[in-house]
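The values are calculated or read from the model by the stated rules, or taken from the named source; none is laboratory data. Fair warning: this is a prediction, and the values are worked out from it, not measured in the lab. Here Cβ is always computed from backbone atoms with ideal geometry, including for glycine, and neighbour counts include all displayed protein chains. Please note that ligands, DNA and RNA were not included when accessible areas were found on the heavy atoms of the full protein model with its side chains. Shrake-Rupley method; radii C 1.70, N 1.55, O 1.52, S 1.80 Å.
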Amino acid sequence: MPESTQRKSLPTDKFLTVAVNLIHKALIEPSRTEAKSLYRELEEKKVVALTNLRMEDGSMVRFDLSLDYEHYQGRLNFTSFRTGLTMLLSSIAEAIKDPASLRSFANESKEGSVMFGITALTSEEGKPSVMVLGADSGRGGPNVELQLMYLDPSQFEQTAKVESDSAAG
């Protein structure tokens with residue numbers, strides 16, 4: 001018989017604190033060799049199990065991690081990934097200090113999927129890449145997939161052009 005699941009949610013700042021700690025523990029704290037091994041699994045588009053976490057109400061939630069680098073500009077390697085990830089985690093940690101400023105965007109076509117409005121911008125050979133963190137809890141069962149993804153940078157170039165045009169006018 002399928003286990004019934006109840007939807008529960010953490011405030012965004014608490015959720016991001018958990019996410020940052022789990023990702024840091026998986027990809028920043030370990031030795032380069034261990035972290036690179038996990039990165040290779042992510043690079044192969046695998047969803048990697050991070051941990052099972054007991055929530056305040058006693059329920060268990062499994063946290064997984066995935067990586068979507070379709071929009072990365074250039075050739076992604078472990079060093080550039082880790083640089084962007086370190087910047088993203090640092091930006092999130094800074095943003096958590098002011099919970100009222102946190103923004104998240106629901107995926108209208110996928111219930112339970114959200115993207116957080118905190119970015120890490122890196123550049124390779126003059127080409128920008130924008131990394132963000134998303135989360136998907138809509139797969140059923142007590143699990144959350146933390147999603148590291150690169151956004152299409154052209155949408156930011158258009159925004160920047162509009163802003164500079166309107167500033168000049």
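Listed values, structure above:
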{"read-out": "FRET efficiency for residue 123 and residue 54, using Cβ-Cβ distance with R0 set to 35 Å, rounded to 0.05", "value": "0.30"}
{"read-out": "Per residue, in Å², the accessible surface of the stretch 39-143 once ligands and nucleic acids are set aside, probe 1.4 Å", "value": "56"}
{"read-out": "Ellipticity estimate at 222 nm from DSSP helix runs (n ≥ 4, -39,500 (n - 2.57)) divided over the chain, nearest 500", "value": "-12000 deg cm²/dmol"}
{"read-out": "Gain upon complete extension [residue 90, residue 139; 0.36 nm per residue less C-alpha separation]", "value": "14.8 nm"}
{"read-out": "Reachable lysines, given that their alpha-carbon falls under 25 Å from the alpha-carbon of residue 14 and they are not under 8 places away in the same chain", "value": "25, 97, 110"}
{"read-out": "Point-charge dipole on Cβ atoms (K/R +1, D/E -1) for the chain, about Cα centre, debye to 20", "value": "420"}
{"read-out": "The chain, accessible surface, carbon-and-sulfur percent (1.4 angstrom probe)", "value": "50"}
{"read-out": "Distant-in-sequence amide H partners of residue 124 (H built 1.01 Å from N, under 5 Å)", "value": "129"}
{"read-out": "Among 81-90, 53-62, the order from most to least packed when residues are scored by Cβ within 10 Å on average", "value": "81-90, 53-62"}
{"read-out": "Table column - 3J(HN,Hα) (Hz), the stretch 60-73, Karplus curve with 6.51, -1.76, 1.60, x for Gly and Pro", "value": "9, 10, 8, 10, 10, 9, 9, 9, 10, 10, 3, 9, 5, 8"}
{"read-out": "Residue 40-residue 28 pseudo-label distance in nm [points 7 Å out on the Cα-to-Cβ vector]", "value": "2.4"}
{"read-out": "Amide H within-cut-off set for residue 51, under 5 Å, with H built and near neighbours excluded", "value": "63"}
